[in-house]
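Trainee: Take this structure first; my questions come after.
The values are calculated or read from the model by the stated rules, or taken from the named source; none is laboratory data. Keep in mind that this is a model prediction, so the values were computed, not measured. As a convention, Cβ positions derive from the backbone with ideal geometry for all residues, glycine included, and neighbour counts pool all protein chains shown.
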Amino acid sequence: MKLQPRLSAPTLIVSVLLVCDIATHFVGAQETPTIPKVITAQEFRLASPQGKTLATLSSKASDASLVLFDGSGKKRVELMSDLTGEPTIVLNNKSERPQIRLTTSGNTPYIQILNKNGEPRSSLTLASDDGASFSLSGAGTDNRTGFSATPSRVTLFDKGGTPRASMYLAGANQEPIFTTVDKTYTTTWLAPPKQKR
């Protein structure tokens, strides 16, 4: 008859606990990856399951841009800094040509609608530094043809940006209500005419 050594119950329990603790530390060390707090790169790409690029976040020179692509891989939305460092959002058509640009100039935000060559054909400016105002300018490189409006006045401009007519939205104590001017900005007509005193 063979005799088998017997382990006492407390010794067996302590041994099992020690083995479990060692195994837990070993597995934990294997499964816990080191997560970097900062990732540095010049470009990140977000791709679809089929491998098509849907978005890029990239840097060039001293600025960065976020570009969203459509299903056919064409740039449709761009978020970037323009050449002056102002934040800009550009919406492109299906040919990847810019059609609408939303940007700022100092503290003044504006929206530009662009022609097929990427040149502004009309602009909407909203200024709030000295009270709300609105302006719309026509095509051309100077972008000055059009009109502007504030709570008290609407002004029409010629191609050179010279005010040609103004309508004042003023109370009874302020006159005139409507004026037109010539190229030298000399008043040519008032409504109502000034009263003789």
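Each row is one residue, and each column tells you yes or no for (1) surrounded by 13 or more Cβ atoms within 10 Å (Cβ to Cβ); (2) at pLDDT 75 or above; (3) in contact with a strand residue (DSSP E or B) (Cβ under 8 Å, 6 or more places away or on another chain); (4) closer than 17 Å to M80 by Cα.
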residue: Q99; (1), (2), (3), (4): yes, yes, yes, yes
residue: G106; (1), (2), (3), (4): no, yes, no, yes
residue: Q112; (1), (2), (3), (4): yes, yes, yes, yes
residue: S122; (1), (2), (3), (4): yes, yes, yes, no
residue: A127; (1), (2), (3), (4): yes, no, yes, no
residue: D130; (1), (2), (3), (4): no, no, no, no
residue: G138; (1), (2), (3), (4): yes, no, yes, no
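Trainee: Let me ask something else about it. Go through region 42-85 and give me each residue that's hydroxyl-bearing (S, T, Y), modelled with pLDDT of 90 or more and within 13 Å of the chain's Cα centre (by Cα).
Mentor: Of everything in region 42-85, just one residue is hydroxyl-bearing (S, T, Y), modelled with pLDDT of 90 or more and within 13 Å of the chain's Cα centre (by Cα), namely S65.
Trainee: For region 67-102, which positions are over 24 Å from P49 (Cα atoms) and either among the basic types (K, R) or in contact with a helix residue (DSSP H, G or I) (Cβ under 8 Å, 6 or more places away or on another chain) (or both)?
Mentor: Result: R97, R101.
Trainee: In region 48-94, what residues are under 18 Å from N115 (Cα atoms) and touching a residue at least 12 places away in the same chain (Cβ under 8 Å)?
Mentor: Those that are under 18 Å from N115 (Cα atoms) and touching a residue at least 12 places away in the same chain (Cβ under 8 Å): K75, R76, V77, E78, T88, I89, V90, L91, N92, K94.
Trainee: Can I ask one more? Please go through region 38-63 and pick out each residue that is on the phi > 0 side of the Ramachandran plot and aliphatic (A, V, I, L, M).
Mentor: A61
Trainee: For region 10-41, give me each residue that is modelled with pLDDT of 65 or more, surrounded by fewer than 10 Cβ atoms within 10 Å (Cβ to Cβ) and of a type outside the set (A, V, I, L, M, F, W, C).
Mentor: Once the filter is applied, which keeps residues that are modelled with pLDDT of 65 or more, surrounded by fewer than 10 Cβ atoms within 10 Å (Cβ to Cβ) and of a type outside the set (A, V, I, L, M, F, W, C), region 10-41 yields P33, T34, P36, K37, T40.
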